[in-house]
Amino acid sequence: MKQSTYIKPLFKLTQHSENMGQSIIDFTHGDYNKELGNALIEADNDAEAISSFLREYKESPETLRSYAKEVERLLLWCIYVAKINISSLRRTHLQTYQEFLKNPEPFAIWCGPSVSRLTKDGALNPNWRAFTKGLSGASINKSLTILDSFFNYLVQANYLIGNPLAVDRRRKKRQDRSANIIDRYLEKDEINATLNALNEFPADNETQSFQAIRARYIILLLFYTGLRIAESANHTMGDFKQRKDRWFLRVIGKGKKLREIPIPDVLLDALADFRKMTGLTSPQPTFQEPTPLIPMKNLTDAISTRRIDQILKWAFNLGAEQFAAAPHKASKLRAASAHWLRHSYVTYLLESGASLKVAQENAGHADVSTTMHYTHVAETDRHEATNQITLGDK
């Protein structure tokens, strides 16, 4: 079901309002609650923010329908009754709106028979109304729960500063917000230092050489796929799938959820190097190949998650030695674990311009709010802007 099914009628209602001679996109005065310059979604106004929120549910038609209905009702109330925009709503506005939901009948524009919102040619049905009658207590609670999720999304996406439906909890949430920021990730120079250290590792025998080669491969595999350590230990080379010259890694992850991770060319090259160096017969995995994704030296048995973590701890300590003049980076690498590479994957995926939805699906996050915790992605621009402050004469 297309998202425009819900958004277009809203635009048309606002454009034909006798009381408000402007479209929703122009309705942007106020904005006291709007976060400036940090948004993780592409939204310059409330209409685009709503569209971004609904887009998260495009694969769940029933949820999309339910959420769109409640958000649209609130926005229409903002325009026709409160004459205020989403970014300027306060707790008192939402309390008034809650009372309105009980009895919208006095306003003729609000209530009417249950009819299709669009005509067959796609135009807004002039007989459509947002309500058939006032809502029951249970329906009001459902509406407010959906709106609470909506506002939380905008807060987590740094579009709004706070959730006006949760004023009593807002201070606590904003204080706890730093605890949700993912800072256990590695910067690219830290990862590259570790890879270089492995390349230069003085292997005295075939076993040590294999250990260094495998450690390098593990780092690249986890960095370019975002795999959880258990996922990397429980899959095989045969889980690489090729379709139309594009490669994916099919993974059964947390909660037995299946996902397919797109494989970039740089990882395919690293995989080919690993397979060649370890004596596997082809540079690319064969169909349903049983070789473990991360094998022991015999190439037939998988290593344990504990062993993967030990290998990475060893590798990161080698990398730390490259930062003798940078104690912060050295200590950071010594504290790193396999999961830091997963955090790095999501960080750089978002930084490269991928959408929250793509990052969520690739990483296998059950909820997009988890993906939103990677707020440090927006910190570089904020730092650059702040760094422009000066007392110098210009």
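Listed here are the residues, each with its yes/no results for (1) surrounded by 13 or more Cβ atoms within 10 Å (Cβ to Cβ); (2) touching a Cys at 6+ places or on another chain (Cβ under 6 Å); (3) closer than 20 Å to THR370 by Cβ; (4) not polar (S, T, N, Q).
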site: GLY255; (1), (2), (3), (4): no, no, yes, yes
site: LEU280; (1), (2), (3), (4): yes, no, no, yes
site: ARG307; (1), (2), (3), (4): yes, no, no, yes
site: ALA335; (1), (2), (3), (4): no, no, no, yes
site: SER355; (1), (2), (3), (4): yes, no, yes, no
TODO: Under 7 Å between Cβ atoms, at least 6 apart or on separate chains: pull out the pairs that start in the range 198-214 with a residue that is closer than 11 Å to LEU318 by Cβ and surrounded by 10 or more Cβ atoms within 10 Å (Cβ to Cβ) and end on any residue that is of a type in the set (Val, Ile, Thr) and at pLDDT below 95.
DONE: none
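Answer with yes or no whether TRP340 is crowded, with 19+ Cβ neighbours inside 10 Å and either out of contact with any Asp or Glu (no Cβ under 7 Å at 6 or more places or on another chain) or outside the structural domain of ARG246 (by TED's automatic domain parsing) (or both).
yes
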Task: Complete set of residues in the range 363-375 that are buried (at least 18 other Cβ atoms within 10 Å of the Cβ) and not in a helix (DSSP H, G or I) - done: GLY364, HIS365, MET372, TYR374
Open item on the list: Out of the residues in the range 57-110 meeting the condition of being among the aliphatic types (A, V, I, L, M) and surrounded by fewer than 18 Cβ atoms within 10 Å (Cβ to Cβ), tell me which one is farthest from the chain's Cα centre (by Cα).
Closed with: ALA108
TODO: Output the number of residues of the range 282-295 satisfying the condition of being touching a strand residue (DSSP E or B) at 6+ places or on another chain (Cβ under 7 Å) and either outside the structural domain of ARG342 (by TED's automatic domain parsing) or surrounded by 13 or more Cβ atoms within 10 Å (Cβ to Cβ) (or both).
DONE: 7
Task: GLN360 being over 24 Å from LEU198 (Cβ atoms) and either of a type in the set (Lys, Arg) or surrounded by 20 or more Cβ atoms within 10 Å (Cβ to Cβ) (or both) - done: yes
TODO: Taking PRO104 as meeting all but one of (1) over 19 Å from ARG65 (Cα atoms); (2) at pLDDT below 90; (3) out of contact with any helix residue (DSSP H, G or I) (no Cβ under 9 Å at 6 or more places or on another chain), write down the number of the exception.
DONE: (3)
Task: Selection status of ILE84, closer than 20 Å to PRO164 by Cα, at pLDDT 85 or above and part of a loop (DSSP other than H, G, I, E, B) - done: yes
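The values are calculated or read from the model by the stated rules, or taken from the named source; none is laboratory data. Since the structure is predicted, the reported quantities are computational estimates derived from the model, not experimental observations. Because the Cβ atoms are built from the backbone with ideal geometry, glycine has one as well, and the counts that use them run over all protein chains shown.
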